[in-house]
């Protein structure tokens, strides 16, 4: 779907959705933003590259343009140059060539039409394409991702990596193809961080907690949660499809 920036401008600003890291916008009112139907955005996030909006959680930002059906959690940091591999061909079939399923491709269609449409392409294969990025994920510059993979919460992707498999939570991966280099923390710390679900709270709730000590952080956060001092952050999402004036 497409919508003029001017239509969304006030609502994006009210939701603290940023398009530069300087608090200003890089779009004119007539510039067109694109998104997929049902896309929702949490406040306090940043689309710092491209004109495509996608599902993004609070306190995350991306310098890269992601596909519209991507889902990014909270507290993520995505550098510039992120791209996806091209669509997958059916290597399980007799041929990976698109003649097997793409009857509209001119270089195949011309001959097939000339011979009376004798060849009937099979139904185009459907492969999972959505990229799912968890919470607190850091993706370095010029990374390439295979469509359909999931990047686990707390993971780090080294710059210029080619990632073709799911990445487990709190893993550091890199290379071509990317492999696990190490885990960010030991199992005990990883389990504590995951069970705390700290990303469900706004960072101002962490005032006075030492963020340099993961286990100590979890201890103090659990106390605050237990006492009711902090509650889950559940802001109203901006649902783009509900904006009047959007067009397909």
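Observations on the structure shown:
- Residue in region 109-118 that is in contact (Cβ under 8 Å) with a residue 12 or more places away in the chain and either farther than 30 Å from residue 197 by Cα or outside any helix (DSSP H, G or I) (or both) present: no
- Residue list for region 71-108, filter: under 18 Å from residue 144 (Cβ atoms), touching a residue at least 40 places away in the same chain (Cβ under 8 Å) and out of contact with any strand residue (DSSP E or B) (no Cβ under 7 Å at 6 or more places or on another chain): 80, 81, 87, 88
- Taking region 229-244 as the range and being without any contact (Cβ under 8 Å) to a residue 40 or more places away in the chain and either surrounded by 13 or more Cβ atoms within 10 Å (Cβ to Cβ) or at positive phi (or both) as the test, only 230 passes.
Let's see how each residue does on (1) at pLDDT below 95; (2) closer than 29 Å to residue 1 by Cβ; (3) not in a helix (DSSP H, G or I):
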position: 174; (1), (2), (3): no, no, yes
position: 195; (1), (2), (3): no, no, no
position: 218; (1), (2), (3): no, no, no
position: 221; (1), (2), (3): no, no, no
position: 245; (1), (2), (3): yes, yes, yes
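- Restricting 165, 179, 146 to residues that are within 15 Å of the chain's Cα centre (by Cα) and assigned by the TED database to the domain that holds residue 45 narrows the list to 146.
- Residue under evaluation residue 140, criteria (1) in contact with a strand residue (DSSP E or B) (Cβ under 8 Å, 6 or more places away or on another chain); (2) without any contact (Cβ under 8 Å) to a residue 60 or more places away in the chain, criterion not met: (2)
The values are calculated or read from the model by the stated rules, or taken from the named source; none is laboratory data. Values in this document were obtained by computation on a predicted structure and should not be read as measured data. In this analysis, Cβ positions are derived from the backbone assuming ideal geometry, glycine residues included, and neighbour counts consider all displayed protein chains.
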